[in-house]
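Quick notes on the structure that follows.
The values are calculated or read from the model by the stated rules, or taken from the named source; none is laboratory data. All values derive from a computational prediction rather than experimental measurement. Reconstructed Cβ throughout: ideal geometry from the backbone, glycine too, with neighbour counts over all protein chains shown.
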Amino acid sequence: MAINNSPTAENCPVLKEGDQAVAGIIEWIRGRGRVLIVTHDNPDPDSIAAAVALRHLLLVTTGQDPVIAHGGVVGRSENRSMVRLLEIPLVQIAELDLDQFAVVCMVDTQPNTGNNSYPEGRPVHLVIDHHPSKQPLDNVCWVDVRENYGASATILYEYLCSQNISINTRLATSLFYAIKSETQDLGRDWSKADREAYLKLLPISNNRILYDIIHPPAPREYFFGFRKAIENALVYGPALVFNLKKIDNPDLVAELADFLLRLEGVKYVLGMGWYEGMQILSMRSCKPDARLGEAIQKMVAGIGTAGGHGMCAGGQIRNIAADSNSQNELERLLTRRLFKVLGLDPMPGEHLLFDGG
């Protein structure tokens, strides 16, 4: 158990080890009032499932029914299907009076990371995440950050097991799909704990719902995004860079980064797209030792925020214009930084598609 509580946080109990730490969190939250669970802005299955599992844990053990909130959109078709088919209640942070919540929890995100809309300076009491912390969390009462885990959902699965809380089919399906998608079926940044949770959740998941989540209908605009990425993609030896420019769905950048990583000879993909004043970045690699979380933080140093793991990372650059000149200039800057971070010699890019290709 990697859980710790900050010695400087106010009114926090003495840390206990193992399953008792989870019980300590529950007892600390019990009776304190309304609870808010914050995901990152455009929540993926891992963030959503972790939030649902934490809500279930607190509802069963304390009777408190937390609100799950995010600040962006659920954009990817699979994620929207997950929310709809599993009847997951999500609300916008902007619609809430934050003063009404006595306890604030974050799952799959952390304070002041740039990927959630919870206001800076407001108290956060519990953080559960599998991404490395980029700054001290001394003001957070309870911190459970497990960098070696492939999914936050795995951490919450262990929480439920530690308290002997039964997992119904709907919750099992949510947790299983989160681990499946986050680790690419245990092929990317997974741990032994992820594999154990994956294998135990599969038999109690709903296969029909899983199929419907994984194979949702997609609007025609979805395929325009694929065409734009393929037409704009430039290949620099082992690296591929694409810019979708203005997009309506921020999740599309990550999805297309995964897709284009399949190109023969490509080991690294950097994708980007402009969404509501922000440049969304996504990096992928097929190399287990790529350390993309560190790479992307160096790439956006001084201009944005980012984080991730060995083979998967993402970031945000705010206050970027959508016009062609601004987009092209940013793409050139990030490509130069990509060369430097990856140790590649600068080279001209080749279009993914040749004439007649």
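From the list LEU333, LEU344, which residue is surrounded by fewer than 16 Cβ atoms within 10 Å (Cβ to Cβ), hydrophobic (A, V, I, L, M, F, W, C) and part of a helix (DSSP H, G or I)? Matching residue, one of LEU333, LEU344: LEU333. Among residues of the stretch 132-155 that are without any contact (Cβ under 8 Å) to a residue 12 or more places away in the chain and β-branched (Val, Ile, Thr), none has a beta-carbon under 9 Å from a residue that is crowded, with 16+ Cβ neighbours inside 10 Å and in a helix (DSSP H, G or I) at least six positions away or on a different chain. So ASN232 passes all but one of these: (1) among the polar types (S, T, N, Q); (2) under 23 Å from the mean Cα position of the chain (by Cα); (3) closer than 19 Å to ARG332 by Cα. Which condition number does it fail? Of everything listed in (1) among the polar types (S, T, N, Q); (2) under 23 Å from the mean Cα position of the chain (by Cα); (3) closer than 19 Å to ARG332 by Cα, ASN232 misses just condition (2). Just one residue in the set ALA21, ALA9, ALA49 is hydrophobic (A, V, I, L, M, F, W, C) and at pLDDT 95 or above; that residue is ALA49.
For first residues located in the stretch 179-204 and in contact (Cβ under 8 Å) with a residue 24 or more places away in the chain, partners that are aromatic (Phe, Trp, Tyr) and outside any helix (DSSP H, G or I) and lie 6+ apart or on another chain with Cβ distances below 7 Å form the pairs THR183/TRP190; SER191/TYR149; ALA193/TYR149; ASP194/TYR149. So is ARG195 under 22 Å from the mean Cα position of the chain (by Cα) and surrounded by fewer than 18 Cβ atoms within 10 Å (Cβ to Cβ) or not? Yes. In the stretch 281-291, the condition of being closer than 17 Å to ASP258 by Cα, in a strand (DSSP E or B) and in contact (Cβ under 8 Å) with a residue 40 or more places away in the chain is met by at least one residue. One residue stands out in the stretch 295-314 among those that are surrounded by fewer than 20 Cβ atoms within 10 Å (Cβ to Cβ) and either within 16 Å of the chain's Cα centre (by Cα) or basic (Lys, Arg) (or both): the one that is nearest to ARG146 (Cα to Cα), namely GLY310.
Report yes if VAL140 is more than 16 Å from THR39 (Cβ to Cβ), crowded, with 22+ Cβ neighbours inside 10 Å, of a type outside the set (Gly, Ala, Ser) and at pLDDT 95 or above, otherwise no. Write out each step before concluding.
Numbers: more than 16 Å from THR39 (Cβ to Cβ): yes; crowded, with 22+ Cβ neighbours inside 10 Å: yes; of a type outside the set (Gly, Ala, Ser): yes; at pLDDT 95 or above: yes.
Yes: the conditions hold for VAL140.
Return yes or no: is ASP248 more than 29 Å from LEU59 (Cβ to Cβ), modelled with pLDDT under 95, under 21 Å from the mean Cα position of the chain (by Cα) and outside the structural domain of ILE48 (by TED's automatic domain parsing)? Answer is yes for this residue. Do we have ALA51 as under 21 Å from THR113 (Cα atoms), part of a helix (DSSP H, G or I) and assigned by TED's automatic domain parsing to the domain that holds ASN112 here? Considered against the rule, which asks whether it is under 21 Å from THR113 (Cα atoms), part of a helix (DSSP H, G or I) and assigned by TED's automatic domain parsing to the domain that holds ASN112, ALA51 comes out as yes. Within the stretch 179-191, is there a residue that is surrounded by 15 or more Cβ atoms within 10 Å (Cβ to Cβ), in contact with a Ser or Thr (Cβ under 9 Å, 6 or more places away or on another chain), under 18 Å from SER77 (Cβ atoms) and not hydrophobic (A, V, I, L, M, F, W, C)? Scanning the stretch 179-191 turns up at least one residue that is surrounded by 15 or more Cβ atoms within 10 Å (Cβ to Cβ), in contact with a Ser or Thr (Cβ under 9 Å, 6 or more places away or on another chain), under 18 Å from SER77 (Cβ atoms) and not hydrophobic (A, V, I, L, M, F, W, C). Among the residues of this structure, SER326 counts as one that is hydroxyl-bearing (Ser, Thr, Tyr), surrounded by 13 or more Cβ atoms within 10 Å (Cβ to Cβ) and more than 16 Å from the chain's Cα centre (by Cα). If you go through the stretch 256-277 and keep only what is in a helix (DSSP H, G or I) and surrounded by fewer than 20 Cβ atoms within 10 Å (Cβ to Cβ), you end up with ASP258, PHE259.
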